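A.B. asks: This structure is in structure tokens; I'll ask about it shortly.
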Amino acid sequence: MSKAEILKKEILRQYRSVRQFALELGIPYSTLVTALERGIEGMAYGTVIKMCDKLSLNPVDFSSLERDISLGEQLLENRVMQYYIRLNQNGRDKVLELMDDFVQIDKYRAKAKKSKN
């Protein structure tokens, strides 16, 4: 299945129509239809990213994002992990120790996300 086919399938699964998705995304309907018919390769990268974020799809392989996080949050997590894997074992231990300390302090602790149910 091509990326355009995956996008169209996911759009129709999550939205009433391709037109509705285009309206919600703020892109011209004709642009979206053309991309879905001819392939998304000619589409602006930013638009593809915006579409993937709205549909909770990984912009690399168009697989579903399993967790309920935004694309920006996922990119931040990836950046943190890229730094982490460049550390030796002593550095990794120190980072984990510091993170453990910081999550104990209310000032630095993330607020719990509210359930959608």
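The values are calculated or read from the model by the stated rules, or taken from the named source; none is laboratory data. Everything numeric in this text was worked out from a predicted model, so none of it was measured. All Cβ positions, even for glycine, are placed from backbone atoms using ideal geometry, and neighbour counts span all protein chains on display.
A.B. asks: Would you confirm whether any residue within the stretch 63-73 is at pLDDT 90 or above and touching a strand residue (DSSP E or B) at 6+ places or on another chain (Cβ under 9 Å)? Let's see the steps before the verdict.
C.D. replies: Keep residues of the stretch 63-73 that are at pLDDT 90 or above, which gives none.
Within the stretch 63-73 (the criterion being at pLDDT 90 or above and touching a strand residue (DSSP E or B) at 6+ places or on another chain (Cβ under 9 Å)), the answer is no, since none of the residues qualifies.
A.B. asks: Just checking, does the stretch 45-57 include any residue being among the hydroxyl-bearing types (S, T, Y) and in contact with a strand residue (DSSP E or B) (Cβ under 9 Å, 6 or more places away or on another chain)?
C.D. replies: Yes, the conditions are met somewhere in the stretch 45-57.
A.B. asks: Among the residues of the stretch 15-37, what is the count of those that are over 11 Å from M51 (Cβ atoms) and either of a type in the set (D, E, K, R) or in contact (Cβ under 8 Å) with a residue 40 or more places away in the chain (or both)?
C.D. replies: Within the stretch 15-37, residues that are over 11 Å from M51 (Cβ atoms) and either of a type in the set (D, E, K, R) or in contact (Cβ under 8 Å) with a residue 40 or more places away in the chain (or both) number 3.
A.B. asks: Additional query: Of everything in the stretch 86-105, what is outside any helix (DSSP H, G or I) and surrounded by fewer than 10 Cβ atoms within 10 Å (Cβ to Cβ)? Give them in sequence order. Don't jump to the end; show me each part of the working.
C.D. replies: In the first step, residues of the stretch 86-105 are kept if they are outside any helix (DSSP H, G or I); the result is 86-88, 104-105.
Once the filter is applied, which keeps residues that are outside any helix (DSSP H, G or I) and surrounded by fewer than 10 Cβ atoms within 10 Å (Cβ to Cβ), the stretch 86-105 yields R86, N88, Q104, I105.
A.B. asks: Just for the stretch 1-43: of the residues that are among the aromatic types (F, W, Y) and either touching a strand residue (DSSP E or B) at 6+ places or on another chain (Cβ under 6 Å) or over 16 Å from S64 (Cα atoms) (or both), which one is surrounded by the most Cβ atoms within 10 Å (Cβ to Cβ)?
C.D. replies: Filtering the stretch 1-43 for residues that are among the aromatic types (F, W, Y) and either touching a strand residue (DSSP E or B) at 6+ places or on another chain (Cβ under 6 Å) or over 16 Å from S64 (Cα atoms) (or both), the one surrounded by the most Cβ atoms within 10 Å (Cβ to Cβ) comes out as F21.
A.B. asks: Here's a follow-up. Helices (runs of 4 or more DSSP H) wholly in the stretch 1-85 with at least 1 residues that are more than 16 Å from the chain's Cα centre (by Cα) and not small (G, A, S) - which ones?
C.D. replies: 3-14, 18-25, 29-38, 71-85
A.B. asks: Of the residues V60, V48, which single one is at pLDDT below 85, under 30 Å from V18 (Cα atoms) and among the hydrophobic types (A, V, I, L, M, F, W, C)?
C.D. replies: So the residue among V60, V48 that is at pLDDT below 85, under 30 Å from V18 (Cα atoms) and among the hydrophobic types (A, V, I, L, M, F, W, C) is V60.
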